[in-house]
1. Going down the table (K38/K115; K36/K136; K31/K110; K36/K107), which pairs top 24 Å between alpha carbons?
2. Only loop residues by DSSP count here, and only those with at most 14 other Cβ atoms within 10 Å; note down the trypsin sites (Lys or Arg not before Pro) in the range 65-113 that meet that.
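Every read-out reported here was derived from the displayed coordinates using simple, explicitly stated rules and does not represent laboratory data. Keep in mind that what you see is a predicted model, and the values were worked out from it rather than measured. Cβ placement follows ideal geometry from the backbone for every residue including glycine, while neighbour counts extend to all protein chains displayed.
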Amino acid sequence: MLLQVGSQGLQVGQLQAKLNEIGFNCGRVDKIFGPKTKQAVENFQRDHLGESEVTGIVDERTWNQIMDHPSVRPASVLIDPGHSPIHSGTDAKDGTPEYEMNLLQAKIVKAELDKASISAEIFDPASDPRDLIGQKAADHSMFLSLHHNATDRKPHYTCVMVHPTKAKPKSIAFAKKLSTSVANAIGQRDFGV
């Protein structure tokens, strides 16, 4: 067996479905081995077979490793904009309440996660009791709480933090993109990752 860019058929569809199921997003299952499928295969090979095995081609060994890999729970993120319309936090110099700024950032983060095919939900303190946030967060694979400096004591900026030694290159690249998107959307300095 050898599947590569240009291959088509049932086995390619099975491969695509399994890659998506185990967390290596290759897009829609269309039974056509295209660039997204190749990238997903390369990512799997890099993570599970080693850098020297990265070919983007599915031979028998790669096929068996993919098919035997356990399924993962799809990534999902709960975004907490902090505060609420009732308890809006500190007002910025222009009078914008902290909650409004955080809600804007939450919508930007959600849009970036949507682009990356990662399920995201914004916690709504107006309709969800604040004391249930822990229970809601437990239903997601990541909890992201947004805050910002609304006072004039320090320059306004945005940044995204990742673990300095454990973050994978894809996570770091996504964090950089996210930080830049938020900074551009809110007109603030981007301190990066």
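1. On the way: K38/K115 19 Å; K36/K136 33 Å; K31/K110 29 Å; K36/K107 27 Å.
Those over the limit are K36/K136; K31/K110; K36/K107.
2. Working: sites: K93, K107, K110; in loops: K93.
For trypsin sites (Lys or Arg not before Pro) across the range 65-113 that sit outside H, G, I, E and B with at most 14 neighbouring Cβ atoms in 10 Å, the list reads K93.
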